[in-house]
Each structure stands twice: as C-alpha cells, then as structure tokens.
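Reading through the structure tokens given below for one structure.
Only the coordinates and a few stated rules stand behind these numbers; no lab work does. Since we're looking at a predicted model, the values are computed, not measured. For neighbour counting, all protein chains shown are included, and Cβ atoms are generated from backbone atoms with ideal geometry for every residue, glycine included.
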Amino acid sequence: MEIKAAYRRFRQWQLSPFDNEFASQETNSCCNCGHDFVGNFCPYCSQKQGLGPITWKSVWHSIAEVWGMHSRSMPFTLLQLFLRPGYFISDYIQGKRQVSFPPVKMLAVIAVLGVLVDLLTGAIHGMFQTSAGDKMAYITNVFAWLNVHINGAFPPPSDYMRKVLDWLNRHPDVLSLVMLSFLIIPNYFIFRFAPRNPYHTIPQGFFVQVFSTVVFLILNMLYDITGLGWLVFLLGAVLVFATYKQLFGYSVWGTLWRVIMSFVCAITLWSILLNANYGIHLLREDQFEVAKGFFLNIPIALMIVGVILLFCYFIGKPRKKKLAVLAD
C-alpha cells in the first residue's frame, strides 16, 4: 500500500510539479525599499522576499549568475527531463517558460560539460566506438554494405566519409542536434492529431528536439564515464518512449509504432544528407558512375519518407463519425 501511495504521489508530481502559491501569507518587509507586502516579491521594487545579509548561499548565487543559473535552476530542469520528460516539454511549449532553464542556453552548457567529460575520460570517440576501438566503424560498414547492395558496385575508398563521420562523432552536440532535427518534420505529420498537444507547430518541434538533444548529450556523457553501452541504450529507449507518451498522449501501442515510424523517417532523411555529401565528393574525384548511384538513392529515400508520412497522417486523422461523437 505504501508503494502504491508513493507511486500516486509521484504521478501527481509528474502531472503538476509546480507550486505557484505564495510561500507564506505573512507580511514581509522589503530590505531594499522598506515597504511591507504579502507574497514572494515586493510589488514596488520587485525584490524577492527573504533576502538579507550576505551568506555562502549569496556567493553561490553570484557565481551561478555567470552561467545564468541563478533562477530557473538547470539541475531541476534536468531532473524533470528525466522524471517527467513529456509533461515538462508540454508545459514549456504551451507557455510555462518560467519553470525551465532556457533550453538553448542549457544545450550550450551541457555541450561544454560534454567536451570536458570527453577530455577527462579520454573518450573523445563518443558513443559510436566499437569494441575494437575503430571510430564509427559499424556506421561506415553499413554505409558500404548499402552501396554494394543498392548500387551493385563496391564503393571507392571511404576515407572522406570516415573523416566526415569522425568529425561529427567528435562533436556530439552538433551530431545529436542535426540528427534529432530530422525528427521535426516526421513528428509534425505523424503526431498531428494527438490527444495531447494536437496541431503542434514546427517551432514547437524545434524546442522538443533541443530538450531531447540535452538528454542525448547527458546519456553520451554517462556512456563515456561508465562504458555501459547496453544501459545507456536501454535508458535512452525508455526516455524516448516516455517523452512521446507523455507529450502526445497516445496509448502504449499507438505511441510505440508512431515513434518507430518517426525514427525510420529521420534516419532515412539523414541518409539523404550522407548520400548527397558523398556524391558531391565523388563528382569532385571524377567518379561519375559511382556518384550517380548515390544521387539515385535520394529520390527513392524521399519517396519512402513521403509514403510513410502520408500513411501515418491519414491513419491518425479523426474520422467524421468520431468528430460527430466528440461534438455530442
């Protein structure tokens, strides 16, 4: 019974964690202007109640101001991203901005911390190193396999592509933001008629992916420190599912197949970028026949993405009978 009660309290906190009531109904005297007031802030000069002589807490706040962390605590924002990710992001895109540390600034801070963790652990390779220690090896091998089986010819030396992927892997903030940005358009169509946050916009989708990138970078740091790839992957999968389940409000199965379709589209769009980049490189190397195969992959990939998005869009679109029932 105690476990059930604790879970109910946790669920209630997930749904409504913010207490916007006054901390006290007692009359406070403002240390700045001397006026008496009731509430958290003085209505005359806006100074927060409870401020007094300088303490060690004041020192911490002064240092934190350099990073913009003196209000809307970043640790508390990160806690919410891991314990109530979808609900928290939903609050933010609906206008509750004061409950969150500024997301783009948080992404920059976490990216800097990620670089420091890489340097301290010697794990510049990021999350894509194989057990043999060859950076990006399995991605390069998959890329070569696709070229062999789709284009019907062995690829040229992959030094250029290896350098591109290696650079991205050394900059996980750029890599994660680019890769996750490919989810914005699929999510716009696939979750268009969601029970929660329907008709969400592309700018909202941008901030959804900024928060997701922050989580991804933290998981990458966890992998660099522990080396437990299976744990990081499992935790990442759970967080992705929880985020979309809470953010859009579909059932378990409804969330699962939509998330899978979104990631299929995002990976396919990412492959278009790789094909275009490598094709241009091959043209510069005068390897026209091989380059043509890479460029031919692009319309095929676009067609696959278009079919998936149209299918998911019409599957999710409310039917007239259903709308009539809701209207009654």
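If I model a spin label at A237 and Y313 as a point 7 Å from the Cα along the Cα→Cβ vector, what separation in nanometres do I get?
Reported label-point gap for A237 and Y313 is 3.1 nm.
Under the rule of at least 5 residues apart or a separate chain, name every residue whose amide H is placed under 5 Å from the amide H of N28.
For N28, the qualifying residues are F37, V38, G39.
Please list the non-local residues whose amide H lies under 5 Å from the amide H of Q47, H modeled 1.01 Å from N, same-chain partners needing a gap of 5 or more.
Sorted by chain and number, the residues that satisfy this are C42.
Which FRET efficiency value, to the nearest 0.05, is calculated for N32 and L302 with the Förster distance at 45 angstrom and r the Cβ-Cβ distance?
0.15
Does a label point 7 Å from the Cα of L120, set along Cα-to-beta-carbon, have any residues of region 207-230 with amide nitrogen under 13 Å, and which are they?
Zone members listed by number: 221-222, 224-226.
For a quick protection proxy, order the peptides 36-42, 277-283 by their average other-Cβ count within 10 Å, most packed first.
Working: 36-42: 14.6, 277-283: 17.4.
Result, highest mean Cβ count within 10 Å first: 277-283, 36-42.
What ranking do L310, L296, L269, L247 get, fewest neighbouring Cβ atoms within 10 angstrom at the top?
Numbers: L310 11, L296 14, L269 19, L247 24.
The most exposed by this proxy come first: L310, L296, L269, L247.
List, in the order given, every pair from K96/K317; K245/K317; K48/K96 whose Cα-Cα distance in the structure shown is over 26 Å.
Values: K96/K317 28 Å; K245/K317 18 Å; K48/K96 20 Å.
Over 26 Å Cα-Cα: K96/K317.
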